[in-house]
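**Q** Sharing a structure with you now.
What follows draws every value from the coordinates through simple rules; no lab data is involved. Being a predicted model, the structure only gives us computed values, none of them experimental. Cβ: placed from backbone, ideal geometry, glycine included. Neighbour counts: every protein chain shown.
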Amino acid sequence: MDCAAKAEAIQAKARELLSGGEYGCVIGYEVGPRGRTRPAFVYEAGDAARLTWNPDCTHNLTTYLADKVGLSGARMTAHRKEPPKPVAVVVKPCDARTVNVMLAENRFPREMVHLIGVVCEGVRGPDGHLQARCAACEERTPVVYDTLIPAAQVESRKPDIRPSTNVLEALEAASPAERMDFWLAQFDRCIRCYACRQACPLCDCPTCLFERDDSLWVGLGLGLNEKRTFHLGRAYHLAGRCVGCNQCEEACPMDIPISLLNQKLAQEIERAFGHRAGRQVIPSPVVTVLAGEYKEG
């Protein structure tokens, strides 16, 4: 099934879900007035034709689920005494694993979200080539879905070697001082805009530790130590939870290789616990170990 056919199938499903009145919104992709593919929120069946599917559908749309149907969404509608309606969201394989992490953390009830899973051949970057994360991804069919487009599942593929894997290997081979110099040079370029945090669907603390002016560990300044604490702390918060959608790195205006930290921790978590985020509805082993609930196997 080509992109045009997938887009038509997504539109048809959106019309079906919205026509019944049970669903409040379908979150998908559209092409904006400047020709760029962007997130789209469709509330009426008659607007379903806005939805599209193409090789530029890079955003992880699960970022918006908590505001629509999660605890924050419930608080937003409480003053109107209107419970949030279920929503539908278009998901790629990496996005679907994000949903499993969210479910494991009780972010929202499963019945509140209809997953329109799309068999994905990968998305391209600004240079027009397949993104490195997609070249290295073996998944083509989402691990969880309610509607699959196309209906037949596609076998996994043998991934290519990520360019970032070579960078990680080089860093591991370097001396501690050389690794420190590399990361400090990266963190020094950070402008603390929080784009990485905002783009991440799993960076969801109600009050961000690194944006509190009374924090015991880091303030709001732009000192190098504060930048370092922010990025390392955020990486540890995502240990065992990050699905590798790389939205953080894509959003970074300074081109800091944030995903390297997440990828390294994901490797260590899988090596130590056999856990890969989102394959099943299971909390991060880091969380269960800290809570004294982890059981090997």
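**Q** How would segment 163-290 be classified by its alpha-carbon gyration tensor: rounded, prolate or oblate, with rounded meaning a/c under 1.5 and the a/b versus b/c comparison settling the rest? Before the final figure, lay out the partial values.
**A** Values: a/c = 1.61, a/b = 1.12, b/c = 1.44.
It comes out oblate by the Cα gyration axes.
**Q** May I pose another question? How would you order 37-43, 246-252 from highest to lowest mean count of nearby Cβ atoms within 10 Å?
**A** 246-252, 37-43
**Q** Okay, next question. Taking the mean number of other Cβ atoms within 10 Å as a proxy for protection, how do you rank 19-31, 92-104 from highest to lowest?
**A** Result, highest mean first: 92-104, 19-31.
**Q** Between Glu169 and Thr288, what is the label-point separation in nm under the 7 Å Cα-to-beta-carbon projection?
**A** Taking the simple label geometry, Thr288 and Glu169 are separated by 3.2 nm.
**Q** Can you figure out the FRET efficiency of Leu184 with Asp127, using R₀ = 25 Å and their beta-carbon distance, to the nearest 0.05? Mind dumping the intermediate values first?
**A** Details: r = 28 Å, r/R0 = 1.12.
Computed FRET efficiency for Leu184 and Asp127 comes out at 0.35.
**Q** Taking amide hydrogens as modeled 1.01 Å from N in the peptide plane, which residues meet the under 5 Å criterion relative to Ala88, leaving out close sequence neighbours?
**A** Here the answer is Cys25, Val26, Ile27, His114, since their amide H atoms fall under 5 Å of that of Ala88.
**Q** Taking a threshold of 22 Å on the Cα-Cα distance, which of the pairs Lys68/Lys227; Lys68/Lys92; Lys13/Lys92 fall above it? If you can, show how the numbers build up before the last one.
**A** Values: Lys68/Lys227 31 Å; Lys68/Lys92 19 Å; Lys13/Lys92 16 Å.
In this structure, Lys68/Lys227 lie more than 22 Å apart at Cα.
**Q** Okay, next question. Grab the other residues whose beta carbon is less than 15 angstrom from that of Asn60, score K and R as +1, D and E as -1, and report the net. Don't skip to the answer; put the middle values down first.
**A** Working: positive: Arg38, Lys68, Lys92, Arg97, Arg107, Arg133, Arg197, Arg241; negative: Asp56, Asp67, Asp95, Glu139, Asp204, Glu249, Glu250.
Local charge sum for Asn60: +1.
**Q** ³J(HN,Hα) across segment 146-151 via Karplus (A = 6.51, B = -1.76, C = 1.60, θ = phi - 60°), whole Hz, x for Gly/Pro?
**A** 9, 10, 10, 10, x, 5
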